[in-house]
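The values are calculated or read from the model by the stated rules, or taken from the named source; none is laboratory data. Just so you know, these numbers come straight off a predicted model, no measurement behind them. Glycine also receives a Cβ, built like all others from the backbone with ideal geometry; neighbour counts cover every protein chain displayed.
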Amino acid sequence: MLRLRKEAGLILNNALLLVLLVLAVAAGWTLGRGGLRMDGADRAQLPSQYYRGFNFLLDGEEDDAVDAFTEALAVNEDTLDTHIALGSVLRKRGEVDRAIRIHQNLLKRPQLTAVQLHQSHLELARDFIAAGLYDRAEQLLSDLAVQSTEFSVTAQRHLLDVHEAQRDWLAATEIADQLIAQAEEGGQSATAQGQPAQQLRGHYLCEQADAALESGDDATAGEFYAAALRDQNQDLRARMGLARLCLSAGDPEAALAHFRVIMGSGRNCTPELLALLSDICAVKDGGSQYLAALEEYYALQSSSLLALALAGELEKQRGLAAAEAFLRETLTTHPSVSVAASLVLQGLQSDDSLPEREVFDRLTSAAEGYQCGHCGFTGKARHWRCPGCRHWDSIHYRGGALEQSHG
Ligand SMILES: [Zn+2]
């Protein structure tokens, strides 16, 4: 059923594309015949390719028909937008070769203005990115960034896409630097077209810090993390990196100072942050202050995850009754299904064989529940860049299954 619907959609798309092409060719030809800018070659070629397209269509050869109509398109100032729109439709359909042919065809025409040529270059660069031909895209975009006034910022934004795809974080940082400097010169913020350039630069610096960490160069990693704080002093990723670095350097006090900035930043607590806090407290004083740290955190942010962690630590240090009393009090002030489930679970603890135990265990588990706020991608771990939509830092912790099903 689903497949049928999908095929029907594809046929409809093909039909729409062909109608668009026929109309575009007819419009271009009419304008040309009306004496408006069309060269002799176009006028001579047009009818034969146009009718060839119809023959392919009648024979049911839609792909050849699309090619014939594409070749028949006249290029002039009046049909430029049609070419650009068609190329864009083809690119989005995954027919990148055809889109490239359309845009390369545009660039051969001498009658286009400089702005129109730049626009065609930009479209061609987008085709190359879609095709994974990053070297060719980079060359076009670098030229555009220098030569074009209208498309300079757009070209630089696409250069970021190219460098991100190639994981060339140094080159990406340089482009972000340029975008920020240009915006500051013009008295604007560098947020046009997507995420703020400062936020992107922060992540490019953290990527370089992570790479330095992997090669065992902690000092360089620390410099990159510190540089990432320049634009965003409370940046979660850089603060987490610095806390881990301080911890491995044997300085838990400094690690806790970084963690306190995270606590005060209002970012949601996650299992990875709890693990970091637990590690810091373990090094600092053998874990004896973990409960106090959790209480400090819970006073700032009353999430179910923190309530359950706090109850677990209370049980360890002061016994089951203290943990239960805390959870019951939490239920009256901050009603939460997972806290209630945890209480039921504690009542069931004497018998591991009860079937409901497994259900409650799963529901109170904090192991899953990350979701992208931009595209809805879900996963069990945090990604700094969403694998679905490629946005940075758009994936947030949503809690376990119960938290998600009850908002
Ligand atoms: Zn996403």
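Here are the numbers for the structure shown:
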| item | result |
| --- | --- |
| Any hit, the stretch 135-151, residues being at positive phi, modelled with pLDDT of 90 or more and exposed (fewer than 15 other Cβ atoms within 10 Å of the Cβ) | no |
| Those residues of the stretch 384-399 which are of a type in the set (Phe, Trp, Tyr) and part of a loop (DSSP other than H, G, I, E, B), in sequence order | TRP384 |
| Options LEU124, LEU117; residue that is buried (at least 16 other Cβ atoms within 10 Å of the Cβ), without any contact (Cβ under 8 Å) to a residue 12 or more places away in the chain and in contact with a Leu (Cβ under 8 Å, 6 or more places away or on another chain) | LEU117 |
| Conditions (1) without any contact (Cβ under 8 Å) to a residue 40 or more places away in the chain; (2) crowded, with 19+ Cβ neighbours inside 10 Å; (3) farther than 29 Å from PRO196 by Cβ; (4) among the hydrophobic types (A, V, I, L, M, F, W, C): number failed by LEU291 | (2) |
| Among (1) touching a His at 6+ places or on another chain (Cβ under 9 Å); (2) surrounded by fewer than 16 Cβ atoms within 10 Å (Cβ to Cβ); (3) touching a residue at least 40 places away in the same chain (Cβ under 8 Å), the one test that ARG167 misses | (1) |
| Scan of the stretch 371-403 for residues that are modelled with pLDDT of 90 or more and more than 11 Å from the ligand (Cβ to nearest atom), ordered by number | TRP384 |
| All helices (runs of 4 or more DSSP H) inside the stretch 112-214 with 3 or more residues being closer than 30 Å to SER248 by Cβ | 169-185, 197-214 |
| Which listed residue, of GLY9, GLY35, is part of a helix (DSSP H, G or I), over 21 Å from ARG101 (Cβ atoms) and at pLDDT below 55 | GLY9 |
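Rundown of residues vs (1) loosely packed, with under 14 Cβ neighbours inside 10 Å; (2) part of a helix (DSSP H, G or I); (3) not charged (D, E, K, R), yes/no style:
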{"site": "GLN234", "(1), (2), (3)": "yes, no, yes"}
{"site": "ARG237", "(1), (2), (3)": "no, yes, no"}
{"site": "GLU253", "(1), (2), (3)": "yes, yes, no"}
{"site": "LEU274", "(1), (2), (3)": "no, yes, yes"}
{"site": "SER278", "(1), (2), (3)": "no, yes, yes"}
{"site": "LEU310", "(1), (2), (3)": "no, yes, yes"}
{"site": "PHE326", "(1), (2), (3)": "no, yes, yes"}
